[in-house]
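Chemist: So that we are looking at the same thing, I have put the structure below in structure tokens.
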């Protein structure tokens with residue numbers, strides 16, 4: 001059995017390296033952490049299955065084609081990993097036949113490096129209109145008069161300039177295709193998300209157990225990122241909030257420093273082959289928690305359990321938020337989103353994006369179905385004092401919700 005060090009100790013190789021260059025911080029993490037064995041990335045066969053399902057959904061919804069520009073959905077469908085800029089790179093997927101990738105001529109070799117499905121790459125030069133390539137392709141496939149689905153994050157200029165190339169453009173949402181596909185995770189996706197969560201909780205535990213007086217959010221962030229990279233994940237974000245700043249869900253730029261009795265909130269995530277984690281832990285450093293810190297921590301812990309008990313196959317996602325908020329109001333918080341209390345939704349969808357539909361928020365009517373994935377993070381924030389957030393992600397199964405990481409048992413064991 002491995003014996004863990006107390007998270008309130010001020011010793012350890014990593015803590016001693018906090019003021020050193022990042023290379024030394026990385027070396028300190030490498031001294032005590034062993035890389036995780038990563039699952040394989042999404043296969044070509046799975047992506048081809050996604051394209052086939054996309055075609056089926058387009059036909060069912062009367063959509064002739066969809067346009068997906070650079071971003072997570074482009075990666076999801078084609079494997080192409082590319083940044084957004086004023087120059088269009090996008091996939092055009094027809095309801096029948098293979099898709100094409102439209103990209104600048106000089107970017108073709110780079111874009112081709114990650115293309116994971118059979119697709120012609122059509123290029124445009126700097127003095128040419130890329131949306132003409134799209135319009136020409138739709139005419140070739142005989143779907144120029146059919147509705148064109150736009151992925152929900154596509155920018156307006158794509159719609160606007162395609163309309164200049166296609167008279168009578170019928171634009172519709174591609175959500176019945178792209179969102180429907182991405183909402184339900186496959187076993188391969190779930191394996192990648194599980195590994196990302198395993199890496200994040202280990203990195204957070206490592207940094208928390210090596211906390212010491214005088215550390216700043218930047219110190220913790222460097223430690224968590226170094227541990228994440230050592231374990232095999234790609235650091236995505238490491239939000240660290242101390243004392244009054246922990247009552248601000250997404251942080252403060254004011255100076256923060258660890259003192260005895262400080263409330264410290266970690267909110268961290270990493271990526272493994274494109275799939276993300278998102279975990280939060282709150283603990284008290286160097287002194288026993290005050291009665292108020294313990295009380296609020298325990299209430300948030302119960303809030304997490306209320307949320308997970310409310311989540312059942314077929315139940316509207318908004319019911320989870322309603323259940324948590326009702327309990328919080330009965331304890332004197334709120335009402336609604338007012339402070340002290342829970343000023344944000346109870347959770348969000350997660351997958352290739354850290355935040356993606358659907359959301360655990362009042363009024364959301366989408367029913368839970370197996371394969372959906374969410375965060376469970378009903379924090380409590382007391383302005384001017386401190387906040388507590390515990391966050392673990394979970395997936396819905398036929399038998400009910402299953403956590404990727406188990407919520408900690410108590411404020412005295414915040415990383416167990």
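Chemist: Counting only residues that are more than 17 Å from the chain's Cα centre (by Cα) and buried (at least 24 other Cβ atoms within 10 Å of the Cβ), how many does the range 360-379 have? It would help to see each step written out before you state the result.
Modeler: Within the range 360-379, the first condition is being more than 17 Å from the chain's Cα centre (by Cα), and the residues that meet it are 362-370, 379.
Next, from what is left, pick out any that are buried (at least 24 other Cβ atoms within 10 Å of the Cβ): 379.
Here the count works out to 1.
Conditions (1) touching a helix residue (DSSP H, G or I) at 6+ places or on another chain (Cβ under 8 Å); (2) assigned by TED's automatic domain parsing to the domain that holds residue 279; (3) under 30 Å from residue 70 (Cα atoms), marked per residue:
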{"residue": "357", "(1), (2), (3)": "yes, yes, yes"}
{"residue": "363", "(1), (2), (3)": "yes, yes, no"}
{"residue": "370", "(1), (2), (3)": "no, yes, yes"}
{"residue": "376", "(1), (2), (3)": "yes, yes, yes"}
{"residue": "382", "(1), (2), (3)": "yes, yes, no"}
{"residue": "397", "(1), (2), (3)": "no, yes, no"}
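Chemist: Got a sec? Which of 232, 214, 221, 261 is modelled with pLDDT of 95 or more, outside the structural domain of residue 76 (by TED's automatic domain parsing) and touching a strand residue (DSSP E or B) at 6+ places or on another chain (Cβ under 6 Å)?
Modeler: Values: 232 fails: touching a strand residue (DSSP E or B) at 6+ places or on another chain (Cβ under 6 Å); 214 fails: touching a strand residue (DSSP E or B) at 6+ places or on another chain (Cβ under 6 Å); 261 fails: touching a strand residue (DSSP E or B) at 6+ places or on another chain (Cβ under 6 Å).
Just a single option satisfies the conditions, and that option is 221.
Chemist: Could you list, in sequence order, the residues of the range 383-402 that are surrounded by fewer than 19 Cβ atoms within 10 Å (Cβ to Cβ), under 26 Å from residue 337 (Cα atoms) and touching a strand residue (DSSP E or B) at 6+ places or on another chain (Cβ under 9 Å)?
Modeler: Result: 385, single match.
Chemist: Let me ask something else about it. Name every residue in the range 248-264 that is over 18 Å from the mean Cα position of the chain (by Cα) and under 27 Å from residue 354 (Cα atoms), in order of residue number.
Modeler: Going through the range 248-264, the residues over 18 Å from the mean Cα position of the chain (by Cα) turn out to be 248, 252-264.
Once the filter is applied, which keeps residues that are over 18 Å from the mean Cα position of the chain (by Cα) and under 27 Å from residue 354 (Cα atoms), the range 248-264 yields 248, 252, 253, 254, 255, 256, 263, 264.
Chemist: Now, a different point. Taking only the range 317-338 into account, find how many residues are touching a strand residue (DSSP E or B) at 6+ places or on another chain (Cβ under 6 Å) and in contact (Cβ under 8 Å) with a residue 12 or more places away in the chain.
Modeler: 5
Chemist: Sticking with this one: Which of the residues spanning the range 112-129 are within 31 Å of the chain's Cα centre (by Cα) and not in a loop (DSSP other than H, G, I, E, B)?
Modeler: Passing the criteria: 112, 120, 121.
Chemist: Follow-up. So if I check each of 139, 161, 202, which one is under 21 Å from the mean Cα position of the chain (by Cα) and assigned to a helix (DSSP H, G or I)?
Modeler: Just a single option satisfies the conditions, and that option is 202.
Chemist: Next question, about the same structure. Looking at the range 348-370, which of its residues are in contact with a strand residue (DSSP E or B) (Cβ under 8 Å, 6 or more places away or on another chain) and more than 15 Å from residue 276 (Cα to Cα)?
Modeler: Those that are in contact with a strand residue (DSSP E or B) (Cβ under 8 Å, 6 or more places away or on another chain) and more than 15 Å from residue 276 (Cα to Cα): 358, 359, 360, 364, 365, 366, 367, 368, 369, 370.
Chemist: Now for a different question. Output the helices (runs of 4 or more DSSP H) that fall wholly within the range 1-100 and possess 1 or more residues being modelled with pLDDT under 70 and either surrounded by fewer than 22 Cβ atoms within 10 Å (Cβ to Cβ) or in the same structural domain as residue 120 (by TED's automatic domain parsing) (or both), or say none. Show your work before the answer.
Modeler: On the way: elements: 13-16, 22-32, 44-60, 72-78.
Qualifying helices (runs of 4 or more DSSP H): 13-16, 22-32.
Chemist: What's the total number of residues in the range 385-408 that are within 21 Å of residue 206 (Cβ to Cβ) and either in contact (Cβ under 8 Å) with a residue 60 or more places away in the chain or in a strand (DSSP E or B) (or both)?
Modeler: So the first thing to find is which residues in the range 385-408 are within 21 Å of residue 206 (Cβ to Cβ), and the list is 389-393, 403-408.
Okay, now just the ones that are also either in contact (Cβ under 8 Å) with a residue 60 or more places away in the chain or in a strand (DSSP E or B) (or both), so 389-393, 403-405, 407-408.
Result for the range 385-408: 10.
Chemist: Let me ask another. Name, by its number, the condition in (1) touching a residue at least 40 places away in the same chain (Cβ under 8 Å); (2) touching a helix residue (DSSP H, G or I) at 6+ places or on another chain (Cβ under 6 Å); (3) surrounded by fewer than 24 Cβ atoms within 10 Å (Cβ to Cβ); (4) under 30 Å from residue 340 (Cα atoms) that does not hold for residue 224.
Modeler: Among (1) touching a residue at least 40 places away in the same chain (Cβ under 8 Å); (2) touching a helix residue (DSSP H, G or I) at 6+ places or on another chain (Cβ under 6 Å); (3) surrounded by fewer than 24 Cβ atoms within 10 Å (Cβ to Cβ); (4) under 30 Å from residue 340 (Cα atoms), residue 224 violates only (3).
Chemist: Considering each of 251, 303, 286, 269 in turn, give the residue that is modelled with pLDDT of 95 or more and on the phi > 0 side of the Ramachandran plot.
Modeler: Residue meeting the stated conditions: 286.
The values are calculated or read from the model by the stated rules, or taken from the named source; none is laboratory data. Please read all numbers here as calculations on a predicted model, not as lab measurements. Cβ: placed from backbone, ideal geometry, glycine included. Neighbour counts: every protein chain shown.
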